[in-house]
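Visitor: Dumping the structure here so I can ask a few things about it.
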Amino acid sequence: MHELIQAQISTDFFQHRFPNDGQRFVAWYLRNILFRDMNETLDDITDGADDKQIDAIIVDDDKSLIRIVQGKFIQGGSVDAEPLREVFSSWLQIKDLARLQNVANQKLARKLPELAAALEEDYEVSFELLTTGMLTEAAQHDLLAFQEELAKLSENEAFDATIHVIDAEELRRRYDYAIEADNPSINYKLSLAGVKHMYHEITGTPVLIAALPLKECVKLPGIKDGTLFQKNVRQSLGSSNSVNKGIRSSILGDKRSDFFFFHNGVTALCNKMSLEGGTLSLWGLSIVNGCQSLNTILSCSETVKKVDDAFILFRFYEIPQRDRADKISIFTNSQSAVKARDLRSNDKRVLSIKKAYELRYPAGYFITKRGETAPADKNKSHVVELSSFAKNLVAWQTLRPNLSYGETKIFDKYFETLFRNKDCPPESVFALNTWMNEVQATWVPDNPLSLNETLLAMKAFAPYHHLYAVAMIFAISSNQSDRVPNPFKALELAQHSNMVEEVVRIAGTCLNMALEAAANEPQPANRVFSPQNWVKSKACLAGINGAVRNYLNMLRGFPGGAEMKKRVDTATVLPADAFEYRLSAD
């Protein structure tokens, strides 16, 4: 694995952007395994003098997960306990973020406000030690001790944390699966040698029931990155979840031999399975019930690897039919609450919007369930996904793009405000989707708008500020800056003038100007400007509004500006009745 990585980090991308192989190794992991793009990778890396044993910080808002990464790029050989102590030290450091920001390097200090905001939202923390070597036996004992100690400390701390060692073997496994990212179907061969199991067919469906050792569970691919749970109605709820705490306590306690009896079991679906000898071959493997359990078991990996008396019930079903698989996923997860977004997927207001949209736009499709795909005969540009639509609504109708990243709050706190039938006519659904498609078309690697690299590193939420800027161009041009333009009427006007792309370009330029202006403002003593925190605060809204006003006012002064200003006004000035008061989300 070391040779493969060494060859890949010898390319220009890594050589020109990172000063040493240690940083290049971590960047390689972010790019190839976590699928961070070039700008996100550059922003995530914190390695260097005074990095305080933190080589990278990745805040994943979609998964409510913080990854704190430490890398050790060595050629073969063994890794002792020293890197583990560095990882544990980083956990102690982030317990006092104020002190850490005062002693950290600039790159790390700039990431800490974003980290603090994520901790306030109860994000799960995953400490990851990357190494191309293998842990010594002594280091494995230390890892076990650290995992147990971290579990105990987390019970009484403000946040829960887990620690994982991603060694050469695990790196190879993750890399192999990453290669197939465009075809995320998981194929796996499970050894049942010595495992109690029963194979049968029920109404023509192959079924295998097994009492699987916990140590076999940690070998299953796709647990940490969530690809194993694609057909599940939810991903990991984090180690702070009360059920997961109970599972972890059972594993680490002296009653682990009773784990089989305490646990309801795991339901796994596959497109096809074959039992030959002692090997179960699975194609298209997905866990539809057991996501929380498997993530928790993985967090206690060093404990379960060493025990032979802890088992969990596994049910493997061969279910190639997608609709049947969806029903199994829903019904097997009814014993505990799922995410607010998933609970809302069958809400009558959502279904009403879906029906109205698909009647109005027969070539379109409104996806309500996570993991659902549109039929092949639908127009891809007219396909709307519930979560993305809700985030677009927040950015446009409430004029609060800084809240668009928080899916949980959107479908819990703000749902009643956003999803009122009269506020979601199919034309608005179509227009918001079209505007966002135009925005997203500019957030691509070749960067046609020359957006600031810091903005590109925040593409999980900054595009919603871009969409907000589009709305404000219509509002400010029409002298209605405190109100919300009708998205469909705005789209119609811009299309009629053949100015949709130009409006999106101006909005991107204004967002760029607002960020750069904020970054150049003087900061209080011992404070570092954090683009991630700025983009999630109300302060950014005033900055974007000011940038839009300045751009429109200065347009006449540009060469050919008078004609351009006339074209912009023609495409963006709407009558007063095309505006309404914003929905309140704060």
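The values are calculated or read from the model by the stated rules, or taken from the named source; none is laboratory data. Keep in mind that this is a model prediction, so the values were computed, not measured. Neighbour counts run over all protein chains shown; Cβ positions are idealised from the backbone, glycine included. Remember, those area values only see protein heavy atoms, side chains included, never the ligands or the DNA or RNA. Shrake-Rupley method; radii C 1.70, N 1.55, O 1.52, S 1.80 Å.
Visitor: Please verify whether segment 92-101 includes one or more residues that are crowded, with 21+ Cβ neighbours inside 10 Å, under 26 Å from the mean Cα position of the chain (by Cα) and under 26 Å from L144 (Cβ atoms).
Guide: Within segment 92-101, one or more residues are crowded, with 21+ Cβ neighbours inside 10 Å, under 26 Å from the mean Cα position of the chain (by Cα) and under 26 Å from L144 (Cβ atoms).
Visitor: Here's a follow-up. Consider only pairs whose beta carbons are under 7 Å apart and that are at least six residues apart or on different chains; among these, list those whose first residue lies in segment 438-461 and is more than 15 Å from D37 (Cα to Cα) and open to solvent by less than 60 Å² (accessible area, probe 1.4 Å) and whose second residue is at pLDDT 90 or above and polar (S, T, N, Q).
Guide: Here the result reads L449/T442; L449/T509, each pair linking segment 438-461 to a residue that is at pLDDT 90 or above and polar (S, T, N, Q).
Visitor: Report, by residue number, each residue of segment 274-305 that is surrounded by fewer than 21 Cβ atoms within 10 Å (Cβ to Cβ) and assigned to a strand (DSSP E or B).
Guide: Hits for segment 274-305 are S274, L275, E276, T279, S281, W283, G284.
Visitor: Give segment 428-467 a look and list any residue that's of a type in the set (V, I, T), more than 14 Å from K391 (Cβ to Cβ) and out of contact with any Lys or Arg (no Cβ under 9 Å at 6 or more places or on another chain), or say none. Break it down stepwise before answering.
Guide: Here is the first cut: in segment 428-467, the residues of a type in the set (V, I, T) are 429, 434, 439, 442, 444, 454.
Among the residues that remain, those that are also more than 14 Å from K391 (Cβ to Cβ) are: 434, 442, 444, 454.
Those that are of a type in the set (V, I, T), more than 14 Å from K391 (Cβ to Cβ) and out of contact with any Lys or Arg (no Cβ under 9 Å at 6 or more places or on another chain): T434, V444, T454.
Visitor: Something else: Please specify each residue of segment 342-382 satisfying the condition of being among the hydrophobic types (A, V, I, L, M, F, W, C), within 22 Å of W435 (Cα to Cα) and open to solvent by 60 Å² or more (accessible area, probe 1.4 Å).
Guide: Of all residues in segment 342-382, those among the hydrophobic types (A, V, I, L, M, F, W, C) come to 343, 350-351, 353, 356, 359, 363, 366-367, 374, 376.
Checking the rest, the ones that are also within 22 Å of W435 (Cα to Cα) come to 350, 353, 356, 359, 363, 366-367, 374.
Within segment 342-382, just L359 meets the criteria.
Visitor: Within segment 528-559, which residues are over 24 Å from the mean Cα position of the chain (by Cα) and of a type in the set (F, W, Y)?
Guide: Y551, F558
Visitor: Step by step: first the residues of segment 183-224, then only those that are part of a loop (DSSP other than H, G, I, E, B) and more than 18 Å from R173 (Cβ to Cβ), then the one that is most open to solvent (accessible area, probe 1.4 Å). Which residue is that? Full working, then the answer.
Guide: Of the residues in segment 183-224, the ones part of a loop (DSSP other than H, G, I, E, B) are 183-185, 192-196, 203-204, 218-224.
Restricting the remaining residues to those that are more than 18 Å from R173 (Cβ to Cβ) gives 192-196, 203-204.
On the way: L192: 5, A193: 79, G194: 89, V195: 18, K196: 162, T203: 129, G204: 60 Å².
Residue satisfying both the conditions and the ranking: K196.
Visitor: Test A518 against the criterion of being closer than 21 Å to A117 by Cβ and open to solvent by 40 Å² or more (accessible area, probe 1.4 Å), and give yes or no. I'd like the intermediate steps shown before the answer.
Guide: Details: closer than 21 Å to A117 by Cβ: yes; open to solvent by 40 Å² or more (accessible area, probe 1.4 Å): no.
Considered against the rule, which asks whether it is closer than 21 Å to A117 by Cβ and open to solvent by 40 Å² or more (accessible area, probe 1.4 Å), A518 comes out as no.
Visitor: Can you tell which of V548, V573 is surrounded by 16 or more Cβ atoms within 10 Å (Cβ to Cβ), farther than 30 Å from L97 by Cβ, in contact (Cβ under 8 Å) with a residue 40 or more places away in the chain and not acidic (D, E)?
Guide: On the way: V573 fails: surrounded by 16 or more Cβ atoms within 10 Å (Cβ to Cβ).
One residue alone meets the criteria, V548.
Visitor: May I pose another question? List every residue pair whose Cβ atoms lie under 8 Å apart, where the two residues are 6 or more positions apart in sequence or sit on different chains, the first residue falls within segment 463-492 and is over 13 Å from E580 (Cβ atoms), and the second residue, located anywhere, is of a type in the set (V, I, T) and open to solvent by 10 Å² or more (accessible area, probe 1.4 Å).
Guide: Listed by first residue and then by second, the contacts come to H466/T442; S477/V573; L491/T434; L491/V500.
Visitor: Oh, and also: If a residue counts only when it is closer than 19 Å to A494 by Cβ and within 22 Å of the chain's Cα centre (by Cα), which helices (runs of 4 or more DSSP H) contained entirely in segment 387-482 have at least 3 such residues? Even if it seems obvious, please write down each step before you answer.
Guide: On the way: elements: 407-412, 415-418, 426-440, 453-456, 462-477.
Helices (runs of 4 or more DSSP H) meeting the threshold: 426-440, 462-477.
Visitor: Can you name every residue in segment 1-27 that is exposed (fewer than 15 other Cβ atoms within 10 Å of the Cβ) and basic (K, R)?
Guide: Result: R17, single match.
Visitor: Across segment 225-245, which residue is farthest from D122 (Cα to Cα) among those that are open to solvent by less than 40 Å² (accessible area, probe 1.4 Å) and modelled with pLDDT of 70 or more?
Guide: Among those that are open to solvent by less than 40 Å² (accessible area, probe 1.4 Å) and modelled with pLDDT of 70 or more, it is L228.
Visitor: Here's a follow-up. Among the numbered criteria (1) closer than 23 Å to T227 by Cβ; (2) open to solvent by 20 Å² or more (accessible area, probe 1.4 Å); (3) touching a Ser or Thr at 6+ places or on another chain (Cβ under 7 Å), which single criterion is violated by P113?
Guide: Here P113 meets the rest and fails (1).
Visitor: Condition test on T46, is it touching a Leu at 6+ places or on another chain (Cβ under 8 Å) and either farther than 26 Å from E121 by Cα or β-branched (V, I, T) (or both)?
Guide: Working: touching a Leu at 6+ places or on another chain (Cβ under 8 Å): yes; either farther than 26 Å from E121 by Cα or β-branched (V, I, T) (or both): yes.
In short, yes.
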